[in-house]
Amino acid sequence: MVRFGRSKKKTKEPYHEHDADTDITVPLPLSGPGLFPRKHAPRISLPHVDTTFLNMHQANGLFDSKSSEEQNGATVIESTDQSISLSPNPPLSPNPSNGDAHSANGDASTTEWSSAVGHATTGKSGRVIHALQEDIARLTRECGVHRSKAEEAQTLNDTLKTQVQNIGERLRNLEVANETNLQSISRKDQKMKELRAEAQSEKERRQKAENTANRTDQLMTEARDNYNRKVAELQEIANYSKTQYDVLAQSGNRDRSEQQRRFKTIRDDYIALKTEHDKRIGDLERLDTILAEKDHEIEASRERFTKLFETYEAYKKAREEEMGRLIENGYRNEAKIDTTLATMKETEGRMKWVIQVSEGLRDSSRKGEKQ
């Protein structure tokens, strides 16, 4: 999936004018799926003029009234070997400095300027200056053409920035939807934790009930063993008493009164034991009732646990279905974003092609004009 994030807005850079003797850089539209600038923008290099040994404010002795014609010729030859400093804004001003103007008052007729041939006494230097003026005019026209191209590129850049802002707004909307989904998932996770805690507490209660039932079974087993032991003892006593009764019956009536007394005593003991036995039977019945109640409670606890487990399974299934729908929606949104990026890339390619075709047409028109 595409990771969501906000794109930083780029400030609009003002257009800077360049001199004719500097490199001109034309801002081009952004390219690529992330709308990043190109690595290498086209640059137009103009010939560099060395202005170290030139001074247009001084006549270099050309307009000195004291110099002879031979000196003027030597100065013309020397000045042609040097570089001439020119300003990028035509036309150039050929006027000398104030000191030179005062020194050349006598020869005002020889200092007139002609754009075609230069000074009357300059010769080849005037033609060189005229050629340089033509180059400056040509370069100025080219600068105007490149400036118009830069303005068109700036307009295209503004359009692409608007599209990028729209895409950023859509990404922010998707981020808000994603945060809402994350909050819903956190709430459901909290509910699952609560259900797990409730199931754990129910399991602990069930464990306690089972422990109580085990203790009750142990007590009932011990009571049953005690009862069997007492019954065996009573059975032995009864057998012993019967044997004594038979012996006493055979011995006659000599000891009848004593035997009757002993029998009465034995009968009283038997009645007491029987009463105790009946009491123990009542206790056992109560224990059986308690055991039945505990079994009923255990069965109810099992039913509740079964219902709780079914509820948990239904909730788990619903949550898995909802997560599946969320994942599917995420894939759909990713496909939409990929489609949009592909459309933007195709549009960018078409715009590049249009720009190249327009540049080719301009180049062909220029070549036709030159021819």
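Every number here is computed from the coordinates shown, using simple stated rules; none is lab data. Everything numeric in this text was worked out from a predicted model, so none of it was measured. FYI the Cβ positions are ideal-geometry reconstructions off the backbone, even for glycines, and counts take in every protein chain you see.
Worth a mention:
- Unit charges at the beta carbon, dipole of region 173-353: most positive-side option, Phe305, Thr212, Gln183: Thr212
- Proximal lysine pairs, region 260-371, alpha carbons under 28 Å, eight or more residues apart or interchain: 10
- Summing charges over neighbours of Lys208, with a neighbour being any other residue whose Cβ is under 13 Å away from its Cβ, gives +1 when K and R count +1 and D and E count -1.
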